[in-house]
Amino acid sequence: MTFRDWRRRALSSVMIGLSMAAVLAALIPVALILFFVLAKGIGSINWAFFTHMPAPVGEVGGGMANAILGSLTMVGLGALIAVPLGVIAGIYLSEFHGSTFASVVRFSADTLNGVPSIVIGVFVYAIFVLPVKHFSALAGGAALGVMMLPVITRTTEELLRLVPMALREGAYALGATRSRAMFTVVLPAALPGILTGIILALARTAGETAPLLFTSLNNQFWSTSLNKPMASLTVQVYTYATSPSEDWHRQAWAGALVLVMIVLVCSLAARFATRRLERMHTGH
Amino acid sequence: MKITVEHLNFYYGAKKALTDISIEMKANEVTAFIGPSGCGKSTFLRTLNRMNDIIPGARVEGSVKIDGADLYASGTDAVLLRRKVGMVFQKSNPFPKSIFENVAYGLRINGMAKGRELAEQVEASLKAAALWEEVKDRLHDPAMALSGGQQQRLCIARALAVRPEVLLMDEPASALDPIATQRIEELIYVLKKDYTIVIVTHNMQQAARVSDATAFFWMGKLIEFGPTPSMFTGPREKLTEDYITGRFG
């Protein structure tokens, strides 16, 4: 082996080592968060946590049934608004990506994506809460929907544009119209990625506290009314974590753990659901 | 004459890609387009089913007639036209769906068949493309699981399913190994009984083997067109002779 070969191999090893170190460094925060949430939260997770209301001040025990339902409800509401709007807007952006209006929409979406979540909370407060003079789950869902919208729009656009032109041409060559080609070939081809993007957007907003503080507020009681204030895991965790009670701290960790678990389960479910579509892409 | 082209000019924006093409292609014959890369043969092929319509800035002058009807007349519906003029692309482009769904696609979107009739027509199309025996037991597997040659025959089956009259093939075997290529060529020979076939190829031996008539393109112009045997044995033009003897291109 000549010196040049030796140097090449040595350099390669060093670079692989550095890459692995970088990956590890990036994984450390994730691992630590999961570890802490699990270690601190698992002790307070029991059946009652999922089925009971928060205990009155001074009493030990209770659960977060209302907050779990609240978080799911409001993320669901947000998705109901943002998924159809976002996907359709994304289709528009990819189909007419050269037009001036598309540039304006794209720029707006990117700007909206950069707006701090607390500002979105205040904005929804101004248009949904102030006029009716009470907080509501509807307003909370709307705030989460506004958070999701730009992410879903841009993910949809990017993934649709990644679909090879050859697939469109294949559809056109068989007598498909532009919209037929979009909905029967291009969109299904991009669907696994779009679904992953939607799940990521949902997961990210499920962990938002700020937009809910001014919109759905919180609720110590079981409430399914969309027109009333609603509890959410994040606001409940925030309230408990900043209180002086030891028992509430434990509950806050448990709440955080449940939140992480919901996000994880949703992501896995989405992956599972798109497996058949993925298989059509890779062939095995 | 199945296809009659008169004084066709084609532009990509300001760039002229085809100049004054006039040519006639007979029904149930295979016409091959040959010429060096960038000579306009693929562009010309794509004017025959208005596939260039989707390219921004593309513009056509002159007339292209199939059975006497002008493709570029204002009343012509490009979507209906493409059902009549099928196309197979250089790189096989099966949809990310099952083998069955790929062939059924055109039948479904055009409302041509459903249920058992659909299944029968899918089978007939796969048989016509000489693929049935290889896939009959795994129709619901992903099309992407097929080999390159099988994928290309699947694309042929998909094109045949909507019962076109003309089949355009844009270098259908250029990405395939010699055995897969031979199967495609044999298929072309069988298919010409029922279809008018136009094939672009940069492989001159292939043009000589499969075609009845050959057109030689150079720099966006049709240099020479005639029956394949005479094109290869006694070309009239010096350029044609230089190209087929491998002096350039």
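Which one of the conditions (1) more than 18 Å from B:VAL166 (Cβ to Cβ); (2) loosely packed, with under 15 Cβ neighbours inside 10 Å does B:GLU6 fail to meet, given that it meets all the rest?
Against the list (1) more than 18 Å from B:VAL166 (Cβ to Cβ); (2) loosely packed, with under 15 Cβ neighbours inside 10 Å, B:GLU6 comes up short only on (1).
Condition check ((1) buried (at least 23 other Cβ atoms within 10 Å of the Cβ); (2) in a helix (DSSP H, G or I); (3) within 13 Å of the chain's Cα centre (by Cα)) across all residues:
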residue	(1), (2), (3)
B:ALA159	yes, yes, yes
B:LEU168	yes, no, yes
B:VAL190	no, yes, no
B:ASP194	no, no, no
B:HIS202	no, no, no
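Any idea which residue in the stretch B:230-242 is surrounded by the fewest Cβ atoms within 10 Å (Cβ to Cβ), counting only those that are in contact with a helix residue (DSSP H, G or I) (Cβ under 8 Å, 6 or more places away or on another chain) and part of a helix (DSSP H, G or I)?
B:PHE232
For the stretch B:128-141, does any single residue satisfy the condition of being out of contact with any strand residue (DSSP E or B) (no Cβ under 7 Å at 6 or more places or on another chain), assigned to a loop (DSSP other than H, G, I, E, B), facing chain A (nearest Cβ under 10 Å) and more than 21 Å from B:LEU45 (Cβ to Cβ)?
no
Kindly indicate whether any position in the stretch A:157-167 is under 14 Å from A:ALA79 (Cβ atoms) and away from chain B (no Cβ under 12 Å).
Taking every residue of the stretch A:157-167 in turn, none turns out to be under 14 Å from A:ALA79 (Cβ atoms) and away from chain B (no Cβ under 12 Å).
Might you let me know whether the stretch A:146-153 holds any residue that is more than 14 Å from chain B (Cβ to nearest Cβ), under 30 Å from A:GLY62 (Cβ atoms) and at pLDDT 95 or above?
Looking through the stretch A:146-153, at least one residue is more than 14 Å from chain B (Cβ to nearest Cβ), under 30 Å from A:GLY62 (Cβ atoms) and at pLDDT 95 or above.
For the stretch A:115-134, indicate whether the set of residues that are under 20 Å from the mean Cα position of the chain (by Cα) and within 14 Å of chain B (Cβ to nearest Cβ) is non-empty.
No - not one qualifying residue is present in the stretch A:115-134.
Condition test on B:LYS97, is it among the charged types (D, E, K, R), touching a residue at least 40 places away in the same chain (Cβ under 8 Å) and closer than 19 Å to B:THR201 by Cα?
No.
Which residues, counting only those in the stretch B:201-212, are within 19 Å of B:ILE21 (Cβ to Cβ) and of a type in the set (S, T, N, Q)?
Once the filter is applied, which keeps residues that are within 19 Å of B:ILE21 (Cβ to Cβ) and of a type in the set (S, T, N, Q), the stretch B:201-212 yields B:THR201, B:SER211.
Of all residues in the stretch B:153-212, count the ones that are of a type in the set (Val, Ile, Thr) and within 14 Å of another protein chain (Cβ to nearest Cβ).
Adding up the residues that qualify gives 4.
Report those helices (runs of 4 or more DSSP H) wholly inside the stretch A:1-118 carrying at least 2 residues which are of a type in the set (D, E, K, R) and surrounded by fewer than 16 Cβ atoms within 10 Å (Cβ to Cβ).
Output list reads A:3-41.
Within the set of pairs 6 or more residues apart or between chains, which connect a residue that is outside any strand (DSSP E or B) inside the stretch B:20-38 to a residue that is small (Gly, Ala, Ser) with Cβ atoms less than 6 Å apart?
Final answer for the pair search is B:PRO36/B:GLY249.
Here's a check for you: in the stretch B:155-201, which residue that is over 28 Å from B:TRP218 (Cα atoms) and small (Gly, Ala, Ser) is modelled with the lowest pLDDT?
B:ALA180
Hey, could you check the stretch B:109-121 for residues that are part of a helix (DSSP H, G or I) and within 16 Å of B:PRO164 (Cβ to Cβ) and say which is nearest to the other protein chains (Cβ to nearest Cβ)?
My answer is B:ILE109.
Pick from the stretch B:134-157 the residues that are of a type in the set (Gly, Ala, Ser) and surrounded by 23 or more Cβ atoms within 10 Å (Cβ to Cβ): which of them is farthest from B:MET87 (Cα to Cα)?
B:ALA143
Identify, please: which residue in the stretch B:20-52 is within 12 Å of chain A (Cβ to nearest Cβ) and aliphatic (A, V, I, L, M) and is, among those, surrounded by the most Cβ atoms within 10 Å (Cβ to Cβ)?
Among them, the one singled out is B:MET51.
Only one residue in B:ALA124, B:ALA180, B:ALA207 is in contact with a Ser or Thr (Cβ under 7 Å, 6 or more places away or on another chain), in a helix (DSSP H, G or I) and either free of Cβ contacts under 8 Å to residues at least 40 places away in the same chain or farther than 22 Å from A:ALA176 by Cβ (or both), so which one is that?
Checking each option against the conditions leaves just B:ALA207.
Scan (1) among the aliphatic types (A, V, I, L, M); (2) in contact (Cβ under 8 Å) with a residue 24 or more places away in the chain; (3) facing chain A (nearest Cβ under 9 Å); (4) more than 22 Å from B:SER22 (Cβ to Cβ) for the single condition B:ILE55 breaks and write down its number.
(3)
So that you can scan it fast, the table gives a plain yes or no per residue for (1) farther than 26 Å from A:ARG276 by Cβ; (2) not small (Gly, Ala, Ser):
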residue: B:ASP67; (1), (2): yes, yes
residue: B:THR76; (1), (2): yes, yes
residue: B:SER98; (1), (2): no, no
residue: B:ARG108; (1), (2): no, yes
residue: B:ARG116; (1), (2): no, yes
residue: B:ALA119; (1), (2): no, no
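Do we have A:PHE49 as within 30 Å of A:LYS228 (Cα to Cα) and touching a helix residue (DSSP H, G or I) at 6+ places or on another chain (Cβ under 6 Å) here?
yes
Can you give me the number of residues within the stretch B:213-249 that are among the small types (Gly, Ala, Ser), farther than 21 Å from B:ILE21 by Cβ and under 23 Å from the mean Cα position of the chain (by Cα)?
Qualifying residue count for the region: 0.
Condition check ((1) within 13 Å of chain A (Cβ to nearest Cβ); (2) of a type outside the set (D, E, K, R)) across all residues:
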{"position": "B:GLY75", "(1), (2)": "no, yes"}
{"position": "B:LEU81", "(1), (2)": "yes, yes"}
{"position": "B:GLN90", "(1), (2)": "yes, yes"}
{"position": "B:PRO94", "(1), (2)": "yes, yes"}
{"position": "B:LYS97", "(1), (2)": "yes, no"}
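The values are calculated or read from the model by the stated rules, or taken from the named source; none is laboratory data. Since we're looking at a predicted model, the values are computed, not measured. Ideal geometry is used to build each Cβ from the backbone, glycine not excepted, and the neighbour counts take in all protein chains shown.
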